[in-house]
Amino acid sequence: MIGVNEDPTGSTVSARADLVLPCLDEAEALPWVLGRLPEGWRAIVVDNGSTDGSADLARSLGATVVHESRRGFGAACHAGLLAATAPYVCFCDCDGSLDPALLPGFVDRIAAGESDLVLGRRRPQSRGAWPAHARAGNLALSRMLRSRTGLRLRDLGPMRAARREALLDLHLTDRRSGYPLEMVVRASDAGLRVTETDVPYLARTGRSKVTGTWRGTWQAVRDMRAVLQAPPAAPAPAPAPASGPAEVTR
């Protein structure tokens, strides 16, 4: 049975997790984000073509750096998933808008058997944290998701956690903006329990590459609509990377 849990919980158990941080020119936000990494966790910063020194900075701060040459949010996220080795994998934006220190509570829910995929429902902490056009796009997608899967989610935010093997078994194929939605849709199709919990949403550092403009938002909505219109995926072996494995440096 798939449900939605809206009540945030604190961390009560200790579980090892890898945190995937897709990164494109986020040098300004990286120190704060990596400084909020839960103790004992590994940060996997996936550099997607940064020109501001993000990769070198992340490495100097102790993160594992993966270089993904294929541009796209999904490409970066999936490269991080493939590089992960911990039993649990979390995802979070690398722009300072979300606090990684909250993620142990997500993992606790999964470890306790309460959920299979936990999403963070963004709650803006300031007027400019979530622009109107981005909110409108998210609302439209939430409604389309409900029609497609029956899930009553109110946000499709990038902060999330799941078991690594469960994510790999979904055989995700989108490599652009549709990746987060495809994860939810395929999880629902596979009978996994998808839940959400409120998280503070802060004003990001720098301008968003996706939702910073109406055009970027529309392109993201278009990618996600294609995911919703696709038929349920049949189980299949994971496809081989088109350009070989991503380069990992430490």
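The values are calculated or read from the model by the stated rules, or taken from the named source; none is laboratory data. For clarity, every value in this text was computed on a predicted model and none was experimentally measured. Glycine also receives a Cβ, built like all others from the backbone with ideal geometry; neighbour counts cover every protein chain displayed. Each accessible area value is taken on the protein alone, full model and side chains, heavy atoms only, with ligands, DNA and RNA left out. Shrake-Rupley method; radii C 1.70, N 1.55, O 1.52, S 1.80 Å.
Protein chains only, probe 1.4 Å: how do Ser126, Ser69 rank by accessible area, largest first? The partial results should precede the final answer.
Values: Ser126 55, Ser69 95 Å².
The residues order as Ser69, Ser126, largest area first.
Using the alpha carbon gyration tensor of segment 12-101, what are the three equivalent-ellipsoid semi-axes (square root of 5 times each eigenvalue), largest first, in whole Å?
19, 15, 11
Remind me, relative contact order of segment 61-138 in percent, using alpha carbon pairs under 8 angstrom and six or more residues apart? It would help to have the intermediate numbers written out before the result.
On the way: 23 pairs, mean separation 11.0, N = 78.
The value is 14 percent.
Taking the Cα centre as origin and putting +1 on Lys and Arg beta-carbons and -1 on Asp and Glu beta-carbons, what dipole magnitude results for segment 33-140, to the nearest 20 debye? Don't skip to the answer; put the middle values down first.
Values: 11 positive and 11 negative charges, 74 e Å.
Result for segment 33-140 is approximately 360 debye, rounded to the nearest 20.
Consider just the alpha-carbon atoms of segment 121-199 and return their Rg together with their Dmax, both in angstrom.
That works out to 13.1, 39 Å for Rg and Dmax.
Given a 1.4 Å probe and heavy atoms of the protein chains only, how would you sort Trp41, Trp32, largest accessible area at the top? Before the final figure, lay out each step's value.
Numbers: Trp41 30, Trp32 105 Å².
Correct descending sequence by accessible area is Trp32, Trp41.
Residue by residue through segment 22-38, which ³J(HN,Hα) values in whole Hz follow from phi under the Karplus form 6.51 cos²θ - 1.76 cosθ + 1.60 (θ = phi - 60°), with glycine and proline marked x?
Listing the rounded values in order: x, 9, 9, 6, 10, 4, 5, 8, 4, x, 5, 4, 5, x, 9, 5, x Hz.
Considering the dipole of segment 64-205 built from charges on the beta carbon (Lys and Arg +1, Asp and Glu -1) around the Cα centre, which of Leu172, Leu156, Ala140 is farthest to its positive end?
The Cα lying farthest towards the positive end belongs to Ala140.
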